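The values are calculated or read from the model by the stated rules, or taken from the named source; none is laboratory data. For clarity, every value in this text was computed on a predicted model and none was experimentally measured. Here Cβ is always computed from backbone atoms with ideal geometry, including for glycine, and neighbour counts include all displayed protein chains.
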Amino acid sequence: MKLSKDIFKEYKQYPEKVLQFGEGNFLRAFIDWQINKMNKDADFNGSAVVVQPLKDGLIDKLNDQDGLYTLYLQGIKNGKALKEHSIINTISRGINPYTDFGEFLKIAENPELRFIVSNTTEAGIAFDDRDKLDSKPQSSYPGKLTAFLYHRFKKFNGDSSKGFIIIPCELIDRNGEKLKSIILKYIELWNLEDAFKEWINNSNTFCCSLVDRIVPGYPKDTIDEVTKELGYEDNLVDVGEQFHLWVIEGPEWIKNELPVDKAGLNVKFVDDMTPYRTRKVRILNGAHTSLVPVAYLYGLNTVSESVEHDVVGKFVRGVMYDEIIPTLDLPKDELKYFADAVLERFMNPFVKHYLMSIALNSMSKFETRDLPSLLEYKKRNKKLPKKLVFSLAALIEFYKGKRGNEDIKLTDNQDILNIYKHLWENYNGTQEGLKNLVQTVLAYEKNWKMDLNKVEGLTDLVTEYLDKIENKGIKEAIKEVL
């Protein structure tokens with residue numbers, strides 16, 4: 001018996017008020033859960049229509065279950081370990097713009113639609129000059145969104161009351177501002193009228209935001225037990241931690257339309273989200289991203305076992321307390337308190353957070369999450385942070401696509417995968433060949449936003465660590481930095 005509205009007797013259809021780009025685990029455990037709470041506790045009376053941003057995704061599974069799925073929240077709540085689950089009745093339907101672009105545009109004609117949210121990973125908010133207005137669909141998320149907004153603008157003749165509150169959740173700095181700037185670039189590229197540009201600027205509110213909730217996602221190891229406990233089959237079971245925080249840099253009046261306070265949600269509307277973002281991205285996400293290649297190559301598979309491991313746990317604590325925290329300007333006691341809480345969340349007794357679920361787009365993640373700490377540490381201390389550099393070397397090894405005899409299923413932009421495939425296939429096993437490989441990776445400015453070979457000593461130290469990982473294995477090599 002599969003989960004559907006036929007077996008969920010409390011099923012309710014709500015007006016579509018939210019357009020959501022992304023159907024993955026995170027948004028379903030974060031945004032859709034919050035909408036569900038607002039519907040129950042604050043009379044929000046709205047649902048999300050979900051757009052699949054990539055060709056391959058979960059839209060068919062979502063529609064097959066009438067948009068329903070079970071969310072398990074597990075972790076520390078009010079000082080106690082708590083595990084609870086509920087069926088989330090938030091998603092009205094899913095749209096795949098690659099197979100039904102017309103239906104995607106038609107959503108823009110709904111006068112009740114008010115919010116746009118997204119999580120298309122750090123690589124998602126990007127400009128692609130190959131996108132055209134008549135592409136069906138555009139390849140980039142901002143390209144699709146621009147076409148959608150233009151259809152809305154035309155449908156309602158530029159009515160200023162038909163703009164949106166747009167809150168991207170991608171973990172990049174100033175995400176709302178960046179998304180808006182790319183939309184304006186498409187308006188120029190496509191030669192769209194000035195009136196549309198004015199409508200974008202004056203009738204739409206773009207908010208920068210920061211999200212925080214660890215979401216391991218589908219519990220593949222325990223799904224048989226979960227199914228038995230639930231009494232029905234659910235192909236979209238999602239698992240998240242109890243903790244959640246959403247910081248939105250935007251006008252207070254949004255709360256009048258998004259009743260987060262009434263629903264008891266941990267959502268903060270602020271004038272400047274920078275301190276929250278820097279602390280969270282550098283410590284929590286930075287620790288995650290630096291941990292993944294090292295721990296996975298070491299032979300570990302989950303965050304909790306990595307943090308509790310004698311060697312790898314010491315490594316990640318060293319990254320956080322010795323190399324990341326010293327680069328931040330908030331009070332040290334506050335930073336240490338936050339780092340301690342992060343480690344507690346990493347060791348959540350209920351959650352199996354697989355390293356490979358964090359490994360998606362690791363190159364862009366390292367650039368946004370760890371590179372700023374690496375560069376700031378070098379600037380302040382006149383030397384390189386050894387553990388972060390070791391993690392970068394391990395990342396290059398990770399993109400070789402092998403853990404012993406086991407293939408690693410790499411997931412990243414095709415350009416990056418092609419570069420690594422070419423580099424590792426043509427590596428001749430020499431020290432000089434390895435240094436050339438490192439130089440090519442560090443010179444990839446499209447990802448790093450700079451040529452990292454210009455950072456004094458970085459090329460040589462990454463090469464040294466990568467050489468040890470290659471020839472001695474990660475377990476011997478890590479001793480160098482501990």
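General remarks:
- The stretch 252-278: number of residues that are more than 21 Å from the chain's Cα centre (by Cα) and crowded, with 21+ Cβ neighbours inside 10 Å: 1
- Contact annotation: residue pairs with Cβ atoms under 8 Å, 6 or more positions apart or on different chains, pairing a residue in the stretch 279-293 that is farther than 14 Å from Leu374 by Cα and surrounded by 22 or more Cβ atoms within 10 Å (Cβ to Cβ) with a partner that is acidic (Asp, Glu) and at pLDDT 95 or above, are Pro293/Glu397.
- Every residue from the stretch 262-278 that is touching a residue at least 40 places away in the same chain (Cβ under 8 Å) and either among the hydroxyl-bearing types (Ser, Thr, Tyr) or out of contact with any Cys (no Cβ under 7 Å at 6 or more places or on another chain) (or both): Lys262, Ala263, Gly264, Leu265, Val267, Pro275, Tyr276, Arg277, Thr278
- Matching option when the condition is among the charged types (D, E, K, R), assigned by TED's automatic domain parsing to the domain that holds Ile254, under 25 Å from Lys132 (Cβ atoms) and more than 22 Å from the chain's Cα centre (by Cα), among Glu84, Glu103, Glu112: Glu103
- Listed here are the helices (runs of 4 or more DSSP H) enclosed by the stretch 366-482 that have at least 2 residues being among the hydroxyl-bearing types (Ser, Thr, Tyr), surrounded by 15 or more Cβ atoms within 10 Å (Cβ to Cβ) and assigned by TED's automatic domain parsing to the domain that holds Thr278: 371-381, 458-472.
- Among the numbered conditions (1) among the small types (Gly, Ala, Ser); (2) more than 21 Å from the chain's Cα centre (by Cα); (3) closer than 26 Å to Phe269 by Cβ; (4) not in a helix (DSSP H, G or I), the only one that Gly124 does not meet is (2).
- The lone exception for Ser86 - which of (1) surrounded by fewer than 14 Cβ atoms within 10 Å (Cβ to Cβ); (2) farther than 23 Å from Val260 by Cβ; (3) of a type in the set (Gly, Ala, Ser) it fails: (2)
- Count - residues of the stretch 102-112 that are touching a helix residue (DSSP H, G or I) at 6+ places or on another chain (Cβ under 7 Å) and aliphatic (A, V, I, L, M): 2
- When the residues of the stretch 224-235 are filtered to those that are in contact (Cβ under 8 Å) with a residue 12 or more places away in the chain and touching an Asp or Glu at 6+ places or on another chain (Cβ under 9 Å), the one that is surrounded by the fewest Cβ atoms within 10 Å (Cβ to Cβ) is Asn235.
- Glu23 vs. criteria touching a Leu at 6+ places or on another chain (Cβ under 6 Å) and in a strand (DSSP E or B): no
- Members of the stretch 46-58 found to be under 21 Å from the mean Cα position of the chain (by Cα), surrounded by fewer than 22 Cβ atoms within 10 Å (Cβ to Cβ) and either at pLDDT 95 or above or assigned to a strand (DSSP E or B) (or both), listed by number: Val49
- Any helices (runs of 4 or more DSSP H) falling wholly within the stretch 271-335 and containing at least 3 residues that are touching a strand residue (DSSP E or B) at 6+ places or on another chain (Cβ under 9 Å) and within 22 Å of Leu466 (Cα to Cα): 286-298
- Residues of the stretch 187-205 satisfying the condition of being over 20 Å from Leu113 (Cβ atoms) and of a type in the set (Phe, Trp, Tyr): Trp190
- Condition check for Lys5: farther than 28 Å from Pro142 by Cα and either part of a helix (DSSP H, G or I) or under 17 Å from the mean Cα position of the chain (by Cα) (or both): no
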